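Participant: Here's a structure for you.
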Amino acid sequence: MYVVGRAREIDEVSRQGLTLYKEAEKNTKESVEDHPRKSTKRRRCDTLRHQIGKVVNNKQLIGFLSGAGGTGKSHVIKTVCRYAQKLCEELRVKFDKTSIVVTALTGAAAVSINGETTAKAFAFKREVRNELEEFKNAYLVIVDEVSFASVADLQLLDEKMKEILDRPVEPFGGVPFVFSGDFTQLSPVGGVPLYKCDDCVTWKQLINVFMELKVNHRFEKDPGWGKLLERFRDKGPTTDEVAIINSRVVGSHKGPLEKNIPPDAVYATKTNVDRMAINDAIFVKHLEKTHSTDANVQPLMHTLCIKAGNLRFHVRGARKEYHAMEKKAQDIIYASVGEAHVQDKTKKYHDPPLKLYHGRPLCINQNEDVSGCIANGAMCEFRGVKLKPGVSITDFETILIDGYCVNCVCVTQIESMVVKMLDGTTEGDEEHLIELKQKLFMHQLGFLFRALDQSQRKA
Ligand SMILES: Nc1ncnc2c1ncn2[C@@H]1O[C@H](COP(=O)(O)OP(=O)(O)OP(=O)(O)O)[C@@H](O)[C@H]1O
């Protein structure tokens, strides 16, 4: 087992890589002369694989790249891919997304490393062997955010790779794998985490290279905060540090007064009910500044509520019989009921109307187009909506929120939502259309987006 100490040592790795490249180049020339019948391209690929194999003592690399948040795991993954691309260009060997398959367990992580979700890349939910044939060419597969993987996920990945490559004995079909992540971060939803399973052979016995990044780059400009978070991760904070955190809690006896909170403050809330209360308060503040309580004044078009359908109630004693709710009752629900309060029979939570205005930060909660960075967890800003043909603004209804008249439209009248991505790879002022997916059961209100706490990630 190898231990690579610090992020800085990546430089050392790249120096080794350069030597490797020079050697590979030399060997390629030699092997061209040795085997004149083999195509030059084929020989270059074989040499490259052989050289990569030598780095890990001719063993199949199954590595684990770890380190606290901000130590540069994603940075290393992107650097390795850029480096490999350059190397392949020099060797005139084809390099594309199947040469190094970059995947992550979550959509947001996949965006940050320019990859795909692991489930999508390996078609976890589908039987599509032919589509996956291309993985036969992979020099390396990277799986980021491995703390999210359950034992079952890893076993599925192992089985898929064995099946794709027709190598039922070699782990992951014999392809080099690097898992990246930090087990102190989030665990899988509804599965057993890898570190908790003593008989998970795939994880515990197969990892043969461990790389730990120790220098935190994210907090270079605020080392004090970085150290505090590091202690949070390792042993838990000291009493003084808890006091520092508490001094940032709005409403605590030492915390900031509401009037002193900057408009771009980042809120951390413990529960969804608190998150929604903050969202609603911010929305009402926006209405106070821009909207009227006079029903005769036309509400402004930059602000819009999107509801899933007309709220109805189930008639007692009657099967499948529903009555429309009174307008007043609807207004109360739209104004004060949030996603955290609405649960269906299957215990799923559903959003009442989304309260939006031009520029409102949103968090995407589905993997729509991961390579286009429209992925679960990615941040975007609401710009507007595109209405379905035949729908006009005169079809909008007005609802009352804290006495203010606000435009409201049913999701069935909308073709797509217009957003601007705030993080990920998209640059410039480009706007995106996003299809709204919703379940149209009258009591199930599901949306593509959930509004975040007006917060943007700081780093
Ligand atoms: N070796 C490095 N030199 C300079 N900056 C770096 C280096 N490694 C990472 N960074 C920067 O530090 C920040 C955090 O890096 P990165 O997102 O890769 O961390 P991470 O370990 O993947 O974090 P997380 O676990 O939260 O996803 C980024 O802004 C990145 O550009």
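Participant: Just the residues that are more than 16 Å from the ligand (Cβ to nearest atom), loosely packed, with under 11 Cβ neighbours inside 10 Å and of a type in the set (D, E, K, R), please, taken from the range 208-263.
Facilitator: If the condition is that a residue be more than 16 Å from the ligand (Cβ to nearest atom), loosely packed, with under 11 Cβ neighbours inside 10 Å and of a type in the set (D, E, K, R), then 235, 240, 254, 258, 259 are the ones that fit.
Participant: Which one is farthest from residue 219 (Cα to Cα), of the residues in the range 60-115 that are in contact with a helix residue (DSSP H, G or I) (Cβ under 8 Å, 6 or more places away or on another chain) and among the charged types (D, E, K, R)?
Facilitator: Across the range 60-115, the extreme among qualifying residues is 92.
Participant: If you don't mind, another one. Condition check: small (Gly, Ala, Ser) and without any contact (Cβ under 8 Å) to a residue 12 or more places away in the chain. Does residue 174 satisfy that?
Facilitator: Details: small (Gly, Ala, Ser): yes; without any contact (Cβ under 8 Å) to a residue 12 or more places away in the chain: no.
For residue 174, the condition - small (Gly, Ala, Ser) and without any contact (Cβ under 8 Å) to a residue 12 or more places away in the chain - is not met.
Participant: Filter the range 359-382 down to the residues that are closer than 14 Å to residue 436 by Cβ and of a type outside the set (Asp, Glu) and list them by number.
Facilitator: Within the range 359-382, 362, 364, 365, 366, 374, 380, 382 qualify.
For every residue, the table says whether it meets (1) in contact with a Ser or Thr (Cβ under 7 Å, 6 or more places away or on another chain); (2) closer than 23 Å to residue 135 by Cβ; (3) outside the structural domain of residue 110 (by TED's automatic domain parsing).
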{"residue": "174", "(1), (2), (3)": "no, yes, no"}
{"residue": "177", "(1), (2), (3)": "no, yes, no"}
{"residue": "184", "(1), (2), (3)": "no, no, no"}
{"residue": "191", "(1), (2), (3)": "yes, no, no"}
{"residue": "204", "(1), (2), (3)": "no, no, no"}
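Participant: Let me ask something else about it. Only one residue in 269, 290 is β-branched (Val, Ile, Thr), closer than 26 Å to residue 358 by Cβ, modelled with pLDDT under 80 and out of contact with any Phe, Trp or Tyr (no Cβ under 7 Å at 6 or more places or on another chain), so which one is that?
Facilitator: Going through 269, 290 in turn, the sole match is 269.
Participant: If you don't mind, another one. I'd like to know if the range 209-218 contains one or more residues that are in the same structural domain as residue 66 (by TED's automatic domain parsing), in a loop (DSSP other than H, G, I, E, B), closer than 30 Å to residue 169 by Cα and out of contact with any helix residue (DSSP H, G or I) (no Cβ under 9 Å at 6 or more places or on another chain).
Facilitator: No; the residues of the range 209-218 include none that is in the same structural domain as residue 66 (by TED's automatic domain parsing), in a loop (DSSP other than H, G, I, E, B), closer than 30 Å to residue 169 by Cα and out of contact with any helix residue (DSSP H, G or I) (no Cβ under 9 Å at 6 or more places or on another chain).
Participant: Against the definition (within 16 Å of the ligand (Cβ to nearest atom), at pLDDT below 85 and outside the structural domain of residue 233 (by TED's automatic domain parsing)), how does residue 108 come out, yes or no?
Facilitator: Numbers: within 16 Å of the ligand (Cβ to nearest atom): yes; at pLDDT below 85: yes; outside the structural domain of residue 233 (by TED's automatic domain parsing): yes.
So residue 108 passes the test.
Participant: Any residue at all in the range 264-284 that is within 23 Å of the chain's Cα centre (by Cα), within 16 Å of the ligand (Cβ to nearest atom) and either outside any helix (DSSP H, G or I) or not assigned by TED's automatic domain parsing to the domain that holds residue 334 (or both)?
Facilitator: Looking for residues that are within 23 Å of the chain's Cα centre (by Cα), within 16 Å of the ligand (Cβ to nearest atom) and either outside any helix (DSSP H, G or I) or not assigned by TED's automatic domain parsing to the domain that holds residue 334 (or both), one finds at least one in the range 264-284, hence yes.
Participant: Now for a different question. Within the range 82-105, take every residue that is buried (at least 20 other Cβ atoms within 10 Å of the Cβ) and within 16 Å of the ligand (Cβ to nearest atom) and give me the one that is modelled with the lowest pLDDT.
Facilitator: 105
Participant: Another question, then. Here is a check on your reading of the model: is residue 429 at pLDDT 90 or above and among the acidic types (Asp, Glu)? Quick ask: steps written out before the conclusion?
Facilitator: Details: at pLDDT 90 or above: no; among the acidic types (Asp, Glu): yes.
When the stated conditions are applied, residue 429 does not pass them.
The values are calculated or read from the model by the stated rules, or taken from the named source; none is laboratory data. As the structure is a prediction and not an experimental result, all values here were calculated from the model. Positions of Cβ are backbone-derived with ideal geometry, glycine not excepted, and every protein chain shown enters the neighbour counts.
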